[in-house]
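What follows is a single structure, written as structure tokens, with notes after it.
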Amino acid sequence: MLALLVLLVVLLAIGGVLPRLSDGPVVLVWVLLWLPLLGLLFWRRRLARRAWLRVYLRDTSPWSARLRGGVLMLLGQALLAAVFALALLLSLARGIAPSVWVVLILSVPLWSKVWTLAGRGLQRHASPEFLPVTAGRAVVWASGIVLVLGLGIRSLWQPVPDLGEVTLYDTVRHYAAEQDVRSTVLGGLLSVFAVLEGVPHWLAQHWFDGLPGLGLKVIAWMVVLVREWLFVWPLLLLCAAVSHMVYRHEHRHEPGHSGP
């Protein structure tokens, strides 16, 4: 639990200093976020491949070793981890509401408890070898759905930008120009991120102009759900990477069970 609290505090601090960092430190932060995500995704992918091979191939087949996952799998997971790390970096740079951080920090004890209960509850059903990753996936998915829906519902009370009388060109210029960061790389990425968020609002208000206010709210809510997912999912994967290191000993005392 302490490790997760430290992680959240560090991420909160990173979000506060990112706008003042130059290109070099920004890239370093991205790499530090990327490495644990890469470790988790590659490990999970190797386990999934191992399970697939045991279903379709004999243990004595030479293809079991050839297909277990190597450089190509590592490169694929490295690319996916890079995207997740970038999404988390941009979300931190854009700023997360203090109330969201409070909820996340207060949820750490619940996360730890649910992680332990999921492992115990799945012992009768999951393969011992794959129990930790199965429990981890269950916790991440359940937490992700709750957090994304919670943040999405919270957004219903947030004001929707009025872009009904604004051209698409002016909308893009407005969203692209509102970034105030020291790093040119981060500033460019934030501009793209902001435009990708603003354009759907503009399209919703122009294409669905006849909808009542509630209809526009729902469309805007769907856009916000995607934006919140880009923060929540990488964050939960990062928490899962830490949790696998901290909680993998939970099943070692159980007879017939072993950690990853």
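The values are calculated or read from the model by the stated rules, or taken from the named source; none is laboratory data. Please read these numbers as outputs of a predicted model, since none were measured by experiment. Cβ coordinates were reconstructed from backbone atoms using ideal geometry, including for glycine residues, and neighbour counts include every protein chain displayed.
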Report task. Just name the residue that is surrounded by the most Cβ atoms within 10 Å (Cβ to Cβ) out of those in segment 80-131 that are more than 18 Å from LEU32 (Cβ to Cβ) and hydroxyl-bearing (Ser, Thr, Tyr). Result -> SER112
Query raised in the report: Is it true that some residue in segment 143-155 is closer than 25 Å to ILE96 by Cα, surrounded by 15 or more Cβ atoms within 10 Å (Cβ to Cβ) and either touching a His at 6+ places or on another chain (Cβ under 6 Å) or free of Cβ contacts under 8 Å to residues at least 60 places away in the same chain (or both)?
Result: yes
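Can we say ALA220 is surrounded by 15 or more Cβ atoms within 10 Å (Cβ to Cβ), at pLDDT 65 or above and either of a type in the set (Gly, Ala, Ser) or not in a helix (DSSP H, G or I) (or both)?
Numbers: surrounded by 15 or more Cβ atoms within 10 Å (Cβ to Cβ): yes; at pLDDT 65 or above: no; either of a type in the set (Gly, Ala, Ser) or not in a helix (DSSP H, G or I) (or both): yes.
No.
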Report summary line: The residue that is surrounded by the most Cβ atoms within 10 Å (Cβ to Cβ), considering only those in segment 34-79 that are small (Gly, Ala, Ser) and outside any helix (DSSP H, G or I), is GLY69
